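Note sheet for the following structure.
The values are calculated or read from the model by the stated rules, or taken from the named source; none is laboratory data. This one's a predicted model, so the numbers in the text were calculated from it and none came from an experiment. Heads up, the Cβs are rebuilt from the backbone with ideal geometry, glycines too, and the neighbour counts pull from every protein chain shown. For accessibility, only protein heavy atoms count, side chains too; no ligands or nucleic acids. Shrake-Rupley method; radii C 1.70, N 1.55, O 1.52, S 1.80 Å.
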Amino acid sequence: MTTIIQYASLHATPWKNGGGSTTELCVMPPGAGFDEFEWRLSLATIAHSGPFSVFPGIDRTLTLVEGGGVVLDVGNERRVALSEREPVIAFPGENAVTATVEGAPTTDFNVMTRRAICNHQLERRTIRDFSKLERRSPTTVVFLAEGESLNLSSASERISLVRYDAAVLDKDDVWTLEAGHATVFIVDIFPNEE
């Protein structure tokens, strides 16, 4: 069975530096802390400027969900304005990252994978009516970032999501995504080859 994660049932955790909060959507293995997780998906609100936590050995991808955007200084290497024009950034978790919020708070989707165990790919997809999703990895998560609802169906299941809900898809290889208009994030988790 597909696992449905209902955002309305989750709780935000404030950051230690007071700059925002994070709502964990799912983590593997279930209940794992920051030192044990293999992969983790969350939704973060960045309300004030300040540094990100450092996560050695973790690869991260952030993508904008809502808000005007935030400027990220990634180490001494680059500065990226995470915005509608450039909505996705990937960086190693051990890099020092500082966020500068210049307006209203932003909401960002965060994918983290432990480099020694697995890696990830994030796709932003706009759905108008129907879209076919062919599985590419053993673990696929669909997150409804924008839109009122999304219906997912396979040969054996039919489920519905509302905004900020997620689904960890079961074994079916082909899914149909249906919405009047929606933006979804499709996250694939690939275990490292032995």
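Structure notes:
- Between the amide H of ASN119 and those of PHE190, ASN192, distances stay under 5 Å, these residues lying 5 or more places away or on another chain, with hydrogens modeled in the peptide plane.
- Carbon-plus-sulfur accessible fraction, region 1-151 (probe radius 1.4 Å, protein heavy atoms only): 49%.
- Options (1) 0.95; (2) 0.93; (3) 1.14 - which one matches Rg/Rh (Cα atoms, Kirkwood Rh) as calculated here: (1)
- Entry comment: accessible area of the chain is 51 Å² per residue, from protein heavy atoms only and a probe of 1.4 Å.
- Backbone N atoms of region 146-175 closer than 12 Å to the 7 Å Cα→Cβ label point of LYS132 belong to residues 174-175.
- Sum of side-chain charges, HIS181 neighbourhood, beta-carbon under 15 Å (Lys, Arg +1; Asp, Glu -1): 0
- Remark: spin-label model distance SER153-ALA116 equals 4.6 nm, labels positioned 7 Å along the Cα→Cβ axis.
- Global form of region 141-193, assessed from the alpha-carbon gyration tensor, a/c cut-off 1.5: oblate
- Cα centroid separation, region 176-194 to region 67-133 (Å): 16 Å
- The shape of region 104-194 comes out oblate: with a ≥ b ≥ c from the C-alpha gyration tensor, a/c is at least 1.5 while a/b does not beat b/c.
- Placing a label point 7 Å from the Cα of THR176 along the Cα-to-Cβ line, the residues of region 133-164 whose backbone N sits under 13 Å from it are 133, 151-159.
- Fully extending the segment from THR107 to ALA8 would add 34.1 nm, taking 0.36 nm per residue of separation and subtracting the current Cα-Cα distance.
- Computing FRET efficiency as 1/(1 + (r/R0)^6) for VAL162 and GLU123, where r is the C-beta to C-beta distance and R0 is 25 Å, gives about 0.75.
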